[in-house]
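For reference, the structure is listed below as structure tokens.
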Amino acid sequence: MSHSPAAPESSAATGSAATAEEDPAAGAEPPHVRSLPRRLLSRPELGSLVGAVAVFVFFAVAADTFLKASSLSTVLYASSTIGIVAVAVALLMIGGEFDLSAGVLVTTSALVSSMFSYQMTANVWVGIGMSLLVTLAVGVFNGWMLTRTGLPSFIITLGTFLMLTGLNLGLTKLISGTVSTKSIGDMEGFPEAEKVFASSFQIGGFNLRVTVLWWLGLVAVATWVLLRTRAGNWIFAAGGNSEAARAVGVPVRATKIGLYAGVAFCAWVLGQHLLFSYDVVQSGEGVGNELIYIAAAVIGGCLLTGGYGSAAGAAIGALIFGIASKGIVYAQWDPDWFKFFLGAMLLLAALLNAWIRKRAEATR
Amino acid sequence: MTDEQPESARPEQGAHPAEDAGTATGADTGTATGADTGADTGTATETDAAAEQSAADAPLLRLEQVTKSYGNVAALSEVSLDVHAGSVSCVLGDNGAGKSTLIKIIAGLHPHDSGTYTIDGEPARLGSPREALDRGIATVYQDLAVVPLMPVWRNFFLGSEPRVGRGPLRRLDVAEMRRTTRRALLRMGIDLRDVDQPIGTLSGGERQCVAIARAVHFGARVLVLDEPTAALGVKQSGVVLKYVAAARDEGIGVVLITHNPHHAYLVGDRFVLLKRGEMAGSHAKESITLDRLTREMAGGSELDELSHELERSPAPPPPGSAA
Ligand SMILES: Nc1ncnc2c1ncn2[C@@H]1O[C@H](COP(=O)(O)OP(=O)(O)O)[C@@H](O)[C@H]1O
Ligand SMILES: [Mg+2]
């Protein structure tokens, strides 16, 4: 039969011939350049950028001490501790899923690292490695359960969230007798680990925490992955229309599992930071932070329904949270207003983003 | 595709006149498909015709007595279908007849329960759409053809993205992807202003055309289209049917699913009728007229009944005349 041997040849022939024949035409055609305003308008992070500037100006005016270098470095540090995880959560949301367990997973990661090192009286790096394995395993479990069962990620990760919350407290009490871990400050490897996860540099009057570098690095990697790699294409497609993606051969399940592993990795980074900057870990911490990560991603332009958003947007969302949480302190207001402020910010940002997206699509 | 009416009487499938050179697809099509069907159709002699006949006898795809049920719902029972290179096989049927189920089996989205599915003469059991794609079977779905929020060029290459560089710097060949998308669309006669716009901003017809251009570009040997004209107006339907004909003229075996016998008759070479999951008829184009096809599809006696009912019902009073 003549079909099968001839077929690849035929497609190759048509492909190359078309190249030769259409190239001049394509060259003669002026390349289409989109106007700058329109390109800006179609960026998912535009709304959050406007919001960040507004919040910044607001607190610069409302709080005298806000513009001092020490205040700004505190703001940046607060932003980075939210932003490290928010970036991965944003990618996950672009991929169409939620993770309610991210907040307590940070604590789990710190607990495992601390307790494994302490109990095994080993080098802290062994605990750090063990923690990475356990944390990634939780992420893969989330993704695997999701893709196996087809249940909504809200339910699956609500389950992991509750289980981890209980495990964190229960196991810590069982092992160390109290709700916090023992100090590992005198253990081998601690100074080096502290350098990696919890050091800071003095630049002029500005105290740059290493988490800020982690944060920027993760945002850069996430942006690269999202916009310039095959995996990024798959993430957008898995969130935008997973059935269509599967139909054209995208490994949707693997993509989603990978996204949960990404969240776990970032939770691990932050968990190690908390451990090595405070030396001990409170096992009840982290509850509620998962919503802050999601809010930062949404403020940054991620669609709740998936398929749209950016890593830079989530970073700006985290920055808004950092500015607001510290700005309220510098303005000497009651910190109780922080949550109210954030809720209002979230609603405003969601409305603004929806409006911008509509306009961007209408002006095409 | 522009100078040839789709409905113009063509010889048997596999006949690709060399005059095709006038179209955007160019002269390469003639040679490629000539090789594909194993005969130089430009100088058809007795022996060539015989060779062509035997080539046509060996289909790219063959479904025999294929059955599929979803739980208790028997969606397909004992359906047979052949798909030949350079010809259009139409599957006609009302809503719920099992058309989409049939193509989901062909595309590897669902496995069939019984019967045989052969590709190039070998029995196949596809586990995923990827396997079907790897064997040259591309499917454009009725409802899930594209990712609306993604730019046209990202959609075009989704699942088969070209890359450059190595190691951690391995990345999408973005410039090439944009260029190729534009070119492949132009080749099918689609001139997009901006391949960066989300594909969801294109019209339904344009989206179908992009999906078809995509399948052709990636060297599909079999192109399966699920109701590509269902949601389209008359003019857009015509455009889509022209691209179907263009794909056929490139030597691709097309499976066209539709519930519109007029559209099917314009481009089809053979017609399979489905009714509640069962085969209600299978005809070559020569052996059936459009009128009969339409009647069969509407279900002969049912149509008579309907026309009687419509005749008897009194004309509704013009709005506002009662007042
Ligand atoms: N995933 C599914 N689960 C259960 N029943 C289904 C499913 N898909 C289709 N069906 C049923 O199978 C029959 C054929 O459907 P389908 O192939 O979509 O028809 P068509 O495309 O011709 O309108 C219908 O009765 C439909 O309700
Ligand atoms: Mg259908």
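All conditions but one from (1) at the interface with chain A (Cβ under 9 Å from one of its Cβ atoms); (2) under 27 Å from residue A:251 (Cα atoms) apply to residue B:58; the one that does not is (2). Restricting the range B:228-244 to residues that are buried (at least 23 other Cβ atoms within 10 Å of the Cβ) and within 16 Å of ligand 1 (Cβ to nearest atom), which is farthest from residue B:140 (Cα to Cα)? Checked the range B:228-244; the qualifying residue farthest from residue B:140 (Cα to Cα) is B:229.
Applying the criterion of at least 2 residues that are in contact with a Pro (Cβ under 8 Å, 6 or more places away or on another chain) to the helices (runs of 4 or more DSSP H) found wholly in the range B:94-189 leaves B:174-187. Residues that are part of a loop (DSSP other than H, G, I, E, B) and without any contact (Cβ under 8 Å) to a residue 60 or more places away in the chain were ranked within the range B:203-240; the one that is farthest from the other protein chains (Cβ to nearest Cβ) is B:233.
Tallying residues that are under 19 Å from the mean Cα position of the chain (by Cα), crowded, with 20+ Cβ neighbours inside 10 Å and either within 14 Å of another protein chain (Cβ to nearest Cβ) or closer than 16 Å to residue B:131 by Cα (or both) within the range A:243-271 yields 1. The residues of the range A:168-200 that are of a type outside the set (S, T, N, Q), buried (at least 18 other Cβ atoms within 10 Å of the Cβ) and either assigned to a loop (DSSP other than H, G, I, E, B) or touching a Leu at 6+ places or on another chain (Cβ under 9 Å) (or both), listed by number, are A:184, A:187, A:193, A:197, A:198.
Please determine, by comparing only the residues of the range B:184-227 that are aliphatic (A, V, I, L, M) and within 16 Å of ligand 1 (Cβ to nearest atom), which one is surrounded by the most Cβ atoms within 10 Å (Cβ to Cβ). Among them, the one singled out is B:225. For the range B:108-158, the set of residues classified as more than 7 Å from chain A (Cβ to nearest Cβ) and β-branched (Val, Ile, Thr) consists of B:116, B:118, B:119, B:137, B:140, B:152, listed by residue number. From the list A:88, A:12, the lone residue that is farther than 14 Å from residue A:319 by Cβ and at pLDDT below 50 is A:12. Within the range B:105-118, the residues that satisfy the criterion of being at negative phi and away from ligand 2 (no atom under 16 Å from the Cβ) are B:111, B:112, B:113, B:114, B:116, B:117, B:118. A residue that is surrounded by fewer than 19 Cβ atoms within 10 Å (Cβ to Cβ), part of a helix (DSSP H, G or I) and either in contact with a Lys or Arg (Cβ under 6 Å, 6 or more places away or on another chain) or of a type in the set (D, E, K, R) (or both) cannot be found anywhere in the range A:272-287. Looking across the range B:76-104, just one residue is within 9 Å of ligand 2 (Cβ to nearest atom), within 14 Å of chain A (Cβ to nearest Cβ) and of a type in the set (A, V, I, L, M), and that is B:103.
Once the range B:245-279 is narrowed to residues that are among the basic types (Lys, Arg) and within 13 Å of ligand 1 (Cβ to nearest atom), the residue that is surrounded by the fewest Cβ atoms within 10 Å (Cβ to Cβ) is B:276. Within the range B:145-202, the set of residues being among the β-branched types (Val, Ile, Thr), free of Cβ contacts under 8 Å to residues at least 60 places away in the same chain and within 26 Å of residue B:249 (Cβ to Cβ) comprises B:152, B:180, B:181, B:190, B:195, B:199.
Somewhere in the range B:102-121, is a residue closer than 30 Å to residue A:224 by Cβ, within 16 Å of ligand 1 (Cβ to nearest atom) and without any contact (Cβ under 8 Å) to a residue 24 or more places away in the chain?
Within the range B:102-121 (the criterion being closer than 30 Å to residue A:224 by Cβ, within 16 Å of ligand 1 (Cβ to nearest atom) and without any contact (Cβ under 8 Å) to a residue 24 or more places away in the chain), the answer is no, since none of the residues qualifies.
Scanning the range B:127-179 for residues that are surrounded by fewer than 20 Cβ atoms within 10 Å (Cβ to Cβ), within 16 Å of ligand 1 (Cβ to nearest atom) and not aliphatic (A, V, I, L, M) yields a count of 2.
Number of residues in the range B:245-296 that are under 13 Å from the mean Cα position of the chain (by Cα), within 13 Å of residue B:99 (Cβ to Cβ) and more than 16 Å from ligand 2 (Cβ to nearest atom): the value is 1.
Quick test for you: out of A:223, A:181, pick the one residue that is within 30 Å of residue B:167 (Cβ to Cβ), touching a residue at least 12 places away in the same chain (Cβ under 8 Å) and among the hydroxyl-bearing types (Ser, Thr, Tyr).
Among A:223, A:181, only A:223 is within 30 Å of residue B:167 (Cβ to Cβ), touching a residue at least 12 places away in the same chain (Cβ under 8 Å) and among the hydroxyl-bearing types (Ser, Thr, Tyr).
Only one entry in B:187, B:193 is under 24 Å from residue B:157 (Cβ atoms), in contact with an Asp or Glu (Cβ under 9 Å, 6 or more places away or on another chain) and either within 14 Å of another protein chain (Cβ to nearest Cβ) or at pLDDT 85 or above (or both), namely B:187. Exactly one residue out of A:219, A:140 is assigned to a helix (DSSP H, G or I) and surrounded by 21 or more Cβ atoms within 10 Å (Cβ to Cβ), and it is A:219. Checking B:201, B:181 one by one, the residue that is more than 16 Å from ligand 2 (Cβ to nearest atom) and at pLDDT 90 or above is B:181 and no other.
The values are calculated or read from the model by the stated rules, or taken from the named source; none is laboratory data. The structure presented is a predicted model; accordingly, all values stated were derived computationally and were not measured. Note that each Cβ is placed from the backbone with ideal geometry, even for glycine, and that neighbours are counted across all protein chains shown.
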